[in-house]
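Read-outs throughout are calculated quantities, based only on the coordinates presented, and are distinct from any laboratory measurement. Keep in mind that this is a model prediction, so the values were computed, not measured. Heads up, the Cβs are rebuilt from the backbone with ideal geometry, glycines too, and the neighbour counts pull from every protein chain shown.
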Amino acid sequence: MTGRAIRGRVAQSGGLRAEAVAADALRGDGWAILAQRLRTAAGEIDLIAERAGLLAIIEVKHRPTLAEAAAALGPRQRARLIAAAEIVLAEHPEWGRAGVRFDVLLVDPAGAVRRIADAFRIE
């Protein structure tokens, strides 16, 4: 196995752990997890959660520091998330009756979670 393949597997494993930590944090805050690792034709959505009718389309970022995680969501990825959300909302019109927002959950190696609520909007 090449060094690149090993790094890829380590990153994927860390990402899966970060998504589990993020989902647990959301549940602890009273959110219902509606979907995890939801694949659409436009790409994958890490988590979809709802609380009191508010739907959160969530991207989970795992990096060595929370600052690095916050900087990791670029314009192309935001566009992919918006396109994937449009597909999901067309398939589930009952979701998000009180509104929809895009959140980013940042997870560091120690498992600390920071949420950026309403991290970006459809332009």
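Here are the numbers for the structure shown:
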| quantity | calculated |
| --- | --- |
| ³J(HN,Hα) computed for each position of region 96-107 - Karplus, 6.51 cos²θ - 1.76 cosθ + 1.60, integer Hz, glycine/proline x | x, 4, 9, x, 9, 9, 9, 10, 10, 10, 9, 10 |
| Dimensionless Rg ratio for the chain, taking C-alpha atoms and the 2.2 N^0.38 Å reference | 1.05 |
| Theoretical FRET efficiency, 1/(1+(r/R0)^6), r = Cβ-Cβ of Ala20 and Ile122, R0 22 Å, to 0.05 | 0.20 |
| For Leu38, distant residues with modelled amide H under 5 Å away | Ile45 |
| Karplus-derived 3J(HN,Hα), 6.51/-1.76/1.60, for each residue of region 28-41, Hz, glycine and proline x | x, 8, x, 8, 9, 7, 8, 7, 10, 6, 7, 8, 10, 4 |
| Taking the chain and dividing mean pair separation by its residue count, relative contact order in percent (alpha carbons under 8 Å, at least six apart) | 25 |
| Dipole in debye (nearest 20) - the chain, about Cα centre, beta carbon charges: Lys, Arg +1; Asp, Glu -1 | 440 |
| The chain: angle of helix 75-91 to the longest principal axis, Cα-based, in degrees nearest 10 | 40 |
